[in-house]
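I have placed the structure first, in the form of structure tokens, so that the comments after it can refer back to it.
Coordinate-derived values only; no laboratory data. Predicted, not measured: the structure shown is a model, and the values here were computed from it. Every residue, glycine as well, gets a Cβ built from its backbone with ideal geometry; the counts of neighbours run over all protein chains shown.
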Amino acid sequence: MRATRLFFVRHGETDWNLAGRLQGRRDVPLNDLGRVQAGRVGKLLPRIVGEPVERLHFVSSPMIRTLETMRILRTTLDLPVNDFATDIRLAELSFGEWEGKTWPQLRRSDLVEVRKRDEDPWHFAPPGGESYNDLKVRLGAALEDVQQDAIIVTHGGVIRTALSILAGMPGQEAAHLPIRQGAVYVVEGGRFEVAT
């Protein structure tokens, strides 16, 4: 059975989010607010899913911050805490050498490359990293493998890319879309809505 509804959840806040550091593939745990956000999403899901939540497929990026988010929301739903799949293709966009840095730091140290990204954020890849267009290839393959309605715990860059793939959002627009923590992005029939 092919998935008709996908519920995308961005991981809760981390201290690096709070500091404005690019996380990418760095494994950073949730902070206290991030844990609260994950619990709130667990309480929100039954209202927006409209059927027993346990019938859905649960899959997460294997990063610490997404695994924590998934475990907390499953605990909130009274579901077995570790009974979900992981998929490395749902991991965040790699920022390569830029990971751990803030945008103000990068504007001081690598202004030429940052300006290139500003001009074309969808196709630009940081040194040693990947572009949204690169991410679109691996994410597209991951989404093809989701064969039933699913709750997908992942990252901001992945959700932006999913909205481009599944809802037809132009890449340049998707690259600038703010993706909220503690919200659920529901994609169905080529459209999406944000539930909070």
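How many residues are within 20 Å of Met63 (Cβ to Cβ) and crowded, with 16+ Cβ neighbours inside 10 Å when one looks only at segment 98-118? Step through it out loud before you land on a result.
Taking segment 98-118 first, the residues within 20 Å of Met63 (Cβ to Cβ) are 98-102.
Retained after the next criterion (residues that are crowded, with 16+ Cβ neighbours inside 10 Å): 98-99, 101.
Number of matching residues: 3.
Would you mind finding the one in Leu18, Leu73 that is surrounded by 15 or more Cβ atoms within 10 Å (Cβ to Cβ), in contact (Cβ under 8 Å) with a residue 12 or more places away in the chain and not basic (Lys, Arg)? Break it down into steps so the answer makes sense when it comes.
Numbers: Leu18 fails: surrounded by 15 or more Cβ atoms within 10 Å (Cβ to Cβ).
Leu73 is the lone residue from the list that is surrounded by 15 or more Cβ atoms within 10 Å (Cβ to Cβ), in contact (Cβ under 8 Å) with a residue 12 or more places away in the chain and not basic (Lys, Arg).
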Problem set entry | Residues that are surrounded by 14 or more Cβ atoms within 10 Å (Cβ to Cβ) and not aliphatic (A, V, I, L, M), drawn from segment 134-145 | Asp134, Lys136, Arg138, Gly140
Exercise. Residues in segment 83-113 that are under 19 Å from the mean Cα position of the chain (by Cα) and closer than 16 Å to Ala150 by Cα: how many?
Worked result: 6
For this session: Scan segment 9-57 residue by residue and report those that are under 18 Å from Gln105 (Cβ atoms), polar (S, T, N, Q) and not in a helix (DSSP H, G or I).
Result: Thr14, Gln23
For this session: Evaluate segment 119-133: report whether one residue or more is surrounded by 13 or more Cβ atoms within 10 Å (Cβ to Cβ), touching a residue at least 60 places away in the same chain (Cβ under 8 Å) and among the hydrophobic types (A, V, I, L, M, F, W, C).
Result: no
For this session: Determine whether Gly168 is more than 13 Å from the chain's Cα centre (by Cα), surrounded by fewer than 20 Cβ atoms within 10 Å (Cβ to Cβ) and farther than 22 Å from Arg25 by Cα.
Result: yes
For this session: Answer with yes or no whether Thr75 is touching a Gly at 6+ places or on another chain (Cβ under 6 Å), within 18 Å of Gly12 (Cβ to Cβ) and in a helix (DSSP H, G or I).
Result: no
